[in-house]
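Below is one structure, written out as structure tokens, with a few remarks after it.
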């Protein structure tokens, strides 16, 4: 008998989405298997951030056609907090500030809410702080930073490193990272890249990495690279495709 076909972790089929009546995604299809890292590249206005927001469940985006299946579930039928509990993490291009709420407070509440949704007991304060120190160490982020209000007064690089600490603590199965390299200097880029690898490179996890540039892919090696233009995937390839785009631009693949 033939072996049963392994179900993809994420399967997007003929996805159409619009905002304020303006079509953005126009028949996008993509399959991501467990253990894979996929990079999405493309020109400005192609729909890259829209794809991230649709997967994360951001309000305001209307799905007019198509489907998104995550580990056998209809992802589009879930509320944002339910998607998070199911194992989906969205990293923002511009992480938001939350005055008056410390990172430690925010993350402990978020983690324990997810544990409750899975029928697990909450982590004690001591166990949570131990976990937070471990993940902060991966991103070379001082624990004092996590005691401050979420992203308030943080530099661009500190916001991105703090967000990767968030990802490490929540331990998702699937991460959608929207231009995580934006605003990072050379040293921060390396630290964030190594953090993504330490947290998410595993046989039972997957990453959709949205980026404009090759530089992050020097640290987080993708299995597949896709070019998104005018709301759909127009071509795909291996890591060499990102190098081609870096040297030649998008015109050669969009012609």
- line: Heads up, segment 122-182 by the C-alpha gyration tensor (a ≥ b ≥ c square roots of eigenvalues; a/c under 1.5 rounded, else a/b over b/c prolate, else oblate) looks oblate
message: For a quick check: sort 232, 58 by the number of other beta carbons within 10 angstrom, fewest at the front.
response: 58, 232
field: Length added when fully stretched, residue 58-residue 155, from 0.36 nm per residue minus Cα-Cα
entry: 32.5 nm
message: Between segment 61-107 and segment 29-49, how far is it from one alpha carbon centroid to the other, in angstrom?
response: 17 Å
message: Highest mean first, how do 175-185, 120-130, 201-211, 97-107 rank when packing is the count of other Cβ atoms within 10 Å averaged over residues?
response: 175-185, 201-211, 97-107, 120-130
- line: For the chain, longest principal axis from Cα atoms; helix 125-138 axis from its Cα atoms; angle between them, nearest 10 degrees, is 50 degrees
- prompt: Extension gain residue 190-residue 82, at 0.36 nm per residue separation less the Cα-Cα distance, in nm?
  reply: 35.7 nm
- prompt: Among 200, 41, 145, which one moves the most in a GNM of the chain with springs linking Cα atoms closer than 10 Å?
  reply: 145
- line: Computed over segment 65-167, the relative contact order (Cα-Cα under 8 Å, seq sep at least six) in percent reads 33 percent
message: Once you order the gyration tensor axes a ≥ b ≥ c over the Cα atoms, which shape class does segment 1-119 get: rounded for a/c under 1.5, otherwise prolate or oblate by comparing a/b with b/c?
response: oblate
statement: Helix 239-248: inclination vs the chain longest Cα principal axis, degrees, rounded to 10, gives 70 degrees
- prompt: Over what distance in Å are the Cα centres of segment 118-150 and segment 170-185 separated?
  reply: 18 Å
statement: the chain: relative contact order from alpha carbon pairs under 8 Å, six or more residues apart, as a whole percent, is 27 percent
message: Run lengths n ≥ 4 of DSSP H only: what is the helix-derived mean residue ellipticity at 222 nm for the chain, with -39500 (n - 2.57) per run over all residues, to the nearest 500?
response: -11000 deg cm²/dmol
- line: Measuring from the longest principal axis of the C-alpha atoms of the chain, the long axis of helix 103-117 (C-alpha) lies at a number of degrees, nearest 10, equal to 70 degrees
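Readers should treat all values here as calculations from the given coordinates under stated rules, not as data from a laboratory. Predicted model only: the values in this text are computed from it and were never measured. Backbone-built Cβ (ideal geometry, glycine too); neighbour counts: all protein chains shown.
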